[in-house]
Amino acid sequence: MAAAGAEGVPDPLVGASVDGRYTVVRRIARGGMATVYLATDTRLDRDVALKVMHPHLAQDPDFVARFHREAVAAARVSSPSVVAVHDQGRDDRLAHGTVYLVLEHVPGTTLRDLLAAEGLLSAGAALAVLEPVLEALAAAHRAGVVHRDVKPENVLLTDDGRVKVADFGLARAASSQTTGATTGVLMGTVAYLAPELVLHGTADARADVYAAGITLFEMLTGAQPFTGEVAVQVAHQHVTRDVPAPSELVATVPPELDDLVLWMTARDPDDRPTDARELVHEVRALRRDLPDAVQDAPPRRTGRAPERGAALGGLARGAGTTTALPVHHDVAAPVPLGPPAVDAAGAGAGAGAGATAVLPRGRGGAVATGQGDEDEQGDGGERGRRRRGRVLAAVLAVLVAAALAVGAWWALLGPGAAVPAPAVAGLEQSAAEGALADVGLVAVVSERFDDEVPEGSVITTSPGPGEDVRPGGAVRLFVSRGPELVAVPQLVGDDLATARSDAQDAGLGLTEAEGVYDEQVPEGAVVRQDPAAGVELRRGEQVTVVPSQGRQPIDVPDLVGSTREDALAALDGAGLEASVAEENSDDVPEGDVVRQDPADGTLFAGDVVSLVVSLGPELVDVPDVVGQQLDPAREALEAAGFVVEEERVLGGFFGTVRDQSVEGGTRARPGTTITLTVV
């Protein structure tokens, strides 16, 4: 019998085998698009998280195709801070065709659980969580993947203290859904949606930066910046309001984190960091430079009460859930999100600047409308009271008009009139701050690397030059830190693919020079690099690497017939070793090479060539026949292989050998002629 899910309904997948490999153990969680199970990979004997799409989504070919593409894209994201994607597939043997994704199983909890338990985090703890989140997003953005659903629920805190980001690519897959009533909706977590997602339904890496900024705000304050009774209220605030500084809720938040949150959550995407890679350096610098006392200070709230449905709102029910919001697909004319409507009972539901003002009611509950003549009945006192009511209403109307006029003068022409932000790009920071102070504005400084603008000078501002800013308002100065310098990594010994990846991870390009032979470095690996490891270059500059062509082949020289000395010298010069043997040869002079192995082809340095060197012809012992009679002497010499000639003295009367031309007891070649002197 299948195990029951969270709702008490038996889950048919529990206990089943998906694709004959993944045995489902139990359900972990159920979301809007998929159910996640703990499963066992029977092939590799390990626990995995099995994410199975809901059956009605699995029947949509477009959605399944997009899901597959996004799974492949997510698998390209390589970072220790990312939940790894192991496998993806479809098992049609199960009911409805089970489309699944196999993920790394991460025992632990989520950032949402931590915030629920702790309420809010210290500045140091929030930065410690944010840095690996940004590292994960940076890896994704480098691979061309946009997460689109960054939120505390997708930030996993492992049992051994690591931070990992989950669900890469799934929100993008969901946005392609075209079935049923969901056509034309934007799937996302409304509390973390970037304004451009609300307006146009399109986003790039800067939308992830915005969501990470909202997550940082929530870690620092324990609250989301925008909340409301319905999702459209929250979405409207993302579009029309700036995220407030976290220190407005928590006094212990340092100004540097206020600046970071406001930069990450700027409503205009062009005013945010271009992607998470730009932010990683900022966060590392903050963790390094902020005093420990500031980072570890226990959070202390300001006492300012959050207002429901407004900036600094508390955690509203449903504000953190995945919600479908209407999206106008015509980018040129995005659907307007007006202020929330007031219900019939009033309900205090956020009547804003566009709400209709209601004048005071007269006695008896009648609304003073200015049309009381038809109601004049009863005695004169009643009519007098009505007249006085009309007069009072007129006076109030005049006072309201006067107040509006004064307010308009104050805001448009008086002390509250907006001032245009001065053009300070290119000025040094101190000069730019002075120019802002001269017109009553405050400078907030953020630093960025820039290859063109000198260090300490202003790159750009937000708001830009000429844009209206209220007196005393802030203008963010983006000040150049000069060109970003990165250390060249050690590439020697790496294969080319690894070297290219390491260079890209360091923010550098890779140029491949012509390869060279190398006796130690394997073919395809880097022999040398320029500049050397540790040298600092500007981000984007090139590192030149020289790949190895492996060991250099050596042509085997033809040494047959060479003298022993010449052959050994030739092999030594070529980097080859020699192995020498000797044998007699009737044809090759003594000391010359008779043959070699190998005779031709190629070898590598240190390989051995075997040589056979001639000892000359084979020699035999010459018998000593002096004093012997001629016939036995001849027989002995001829038996040893020699040719015998004789020379007779005095006619050779006695037949005795008195001398031999080759002395007995020496050695000579067989066939040598030996002359005998016979007397």
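The values are calculated or read from the model by the stated rules, or taken from the named source; none is laboratory data. All figures in this text were calculated on a predicted structure; none of them were measured in a lab. Glycine also receives a Cβ, built like all others from the backbone with ideal geometry; neighbour counts cover every protein chain displayed.
For the range 535-543, state whether one or more residues are farther than 25 Å from residue 76 by Cβ, hydrophobic (A, V, I, L, M, F, W, C) and either surrounded by 16 or more Cβ atoms within 10 Å (Cβ to Cβ) or touching a Lys or Arg at 6+ places or on another chain (Cβ under 9 Å) (or both). Among the residues of the range 535-543, at least one is farther than 25 Å from residue 76 by Cβ, hydrophobic (A, V, I, L, M, F, W, C) and either surrounded by 16 or more Cβ atoms within 10 Å (Cβ to Cβ) or touching a Lys or Arg at 6+ places or on another chain (Cβ under 9 Å) (or both), which makes the answer yes. Where helices (runs of 4 or more DSSP H) sit wholly within the range 187-248, those with at least 2 residues that are in contact with a Lys or Arg (Cβ under 7 Å, 6 or more places away or on another chain) and at pLDDT 95 or above occupy 205-221. The C-beta contact set for the range 497-521 (first residue in the same structural domain as residue 541 (by TED's automatic domain parsing), second residue hydrophobic (A, V, I, L, M, F, W, C) and assigned to a helix (DSSP H, G or I), distance under 8 angstrom, 6+ apart or interchain) comprises 509/503; 510/499; 510/503; 512/496.
Filter the range 590-617 for residues that are assigned to a loop (DSSP other than H, G, I, E, B) and surrounded by 13 or more Cβ atoms within 10 Å (Cβ to Cβ); which is nearest to the chain's Cα centre (by Cα)?
605
In the range 132-160, the residues that are of a type in the set (S, T, N, Q) reach residues that are in a loop (DSSP other than H, G, I, E, B) with C-beta atoms within less than 7 angstrom, at least six apart or across chains, in these pairs: 154/166; 154/167; 158/106; 158/107. Listed conditions (1) on the phi > 0 side of the Ramachandran plot; (2) touching a strand residue (DSSP E or B) at 6+ places or on another chain (Cβ under 6 Å) are all met by residue 132, apart from (1).
Taken over the range 37-79, the criterion of being part of a strand (DSSP E or B) and either surrounded by 19 or more Cβ atoms within 10 Å (Cβ to Cβ) or at pLDDT below 85 (or both) is satisfied by 37, 39, 48, 49, 50, 51, 52, 53.
Scanning the range 445-479 for residues that are surrounded by 17 or more Cβ atoms within 10 Å (Cβ to Cβ), outside any loop (DSSP other than H, G, I, E, B), under 31 Å from the mean Cα position of the chain (by Cα) and of a type outside the set (Lys, Arg) turns up 446, 447, 457, 458, 459, 460, 461, 462, 477, 478, 479.
Quick check: is even one residue across the range 563-572 assigned to a loop (DSSP other than H, G, I, E, B) and either surrounded by 13 or more Cβ atoms within 10 Å (Cβ to Cβ) or over 35 Å from the mean Cα position of the chain (by Cα) (or both)? Don't jump to the end; show me each part of the working.
First pass over the range 563-572, keeping only residues assigned to a loop (DSSP other than H, G, I, E, B): none.
No.
Is it the case that residue 510 is touching a Lys or Arg at 6+ places or on another chain (Cβ under 6 Å) and not in a loop (DSSP other than H, G, I, E, B)? So residue 510 fits the description; yes.
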